[in-house]
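The values are calculated or read from the model by the stated rules, or taken from the named source; none is laboratory data. Computed from a predicted structure; not experimentally measured. Note that each Cβ is placed from the backbone with ideal geometry, even for glycine, and that neighbours are counted across all protein chains shown.
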Amino acid sequence: MRTLQLLAGMAALALGLSVNADPLVDGDPEAGEAKSTACAACHGPDGNSTNPEWPKLAGQHARYTLKQLRAYKDGTRSDAVMAGQVQGLDDQDMKDLAVFYAIQTPQPGSADQELAEEGKRLYRGGNLETGVTACIACHGPSGEGIPTADYPMLSGQHAEYTITELKKYRDGERTTDRAAMMRDIAARMTDEEIRAVAEYIQGLY
């Protein structure tokens, strides 16, 4: 389904048509592309960042991206660079950017196979002894996420970025998760588990 939506969106853009990439977000991807110039410096012109510290945005659910932009804007999610970037954006700007990135094609990553094997076990089965919930429950077998529940797509995301964000959840620095779900899970994870699952996610497609 996601592949068909991406193809439909790219075809519409190629024909010069306005397309809503996500019926849950009333945005214009053409307008979003025009507004994405500043974003490209960190996230790449198509949302596929090359710096592992900055997230890939290509293919991410528009509703999730919009939620994060709003969080940066109102201060519930903190980052000095992003705080500065969103100050000049209104809600329609954020919607346009969100749907633009949603129809971009994500580039797959690669993973350290040894670490990824351990990460796969954790992603799919969790850790019963310590109460770590399996990632697959919310993010799906291929890391596709659930857009209507605001569970993001994870597949192909940079391992370093995922590690940073999981540690922020664990330390209580990031609080944008619903019902503190990610904070609870990350608090039960060791550094080794975080790195392993992040490595698996980077190569997941």
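Sub-7 Å Cβ pairs linking a first residue in segment 183-205 that is touching a residue at least 12 places away in the same chain (Cβ under 8 Å) to a second residue that is among the basic types (Lys, Arg) and outside any loop (DSSP other than H, G, I, E, B), at least 6 apart or interchain, are Ala186/Arg170; Ala187/Arg170; Met189/Arg170; Ile194/Lys167; Tyr200/Lys120, ordered by first then second residue.
Residue by residue, here is whether (1) in contact (Cβ under 8 Å) with a residue 24 or more places away in the chain; (2) under 16 Å from Leu154 (Cβ atoms); (3) assigned by TED's automatic domain parsing to the domain that holds Gly143 holds:
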{"position": "Pro45", "(1), (2), (3)": "no, no, no"}
{"position": "Glu53", "(1), (2), (3)": "yes, no, no"}
{"position": "Arg63", "(1), (2), (3)": "yes, yes, no"}
{"position": "Arg77", "(1), (2), (3)": "yes, no, no"}
{"position": "Val81", "(1), (2), (3)": "yes, no, no"}
{"position": "Ala98", "(1), (2), (3)": "yes, no, no"}
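In segment 115-153, the qualifying residues are those that are in contact with a Phe, Trp or Tyr (Cβ under 9 Å, 6 or more places away or on another chain), in a loop (DSSP other than H, G, I, E, B) and among the aliphatic types (A, V, I, L, M), and the one that is surrounded by the most Cβ atoms within 10 Å (Cβ to Cβ) is Met153. Before we move on, is Leu57 assigned to a helix (DSSP H, G or I) and closer than 20 Å to Gly156 by Cβ? So Leu57 fails the test.
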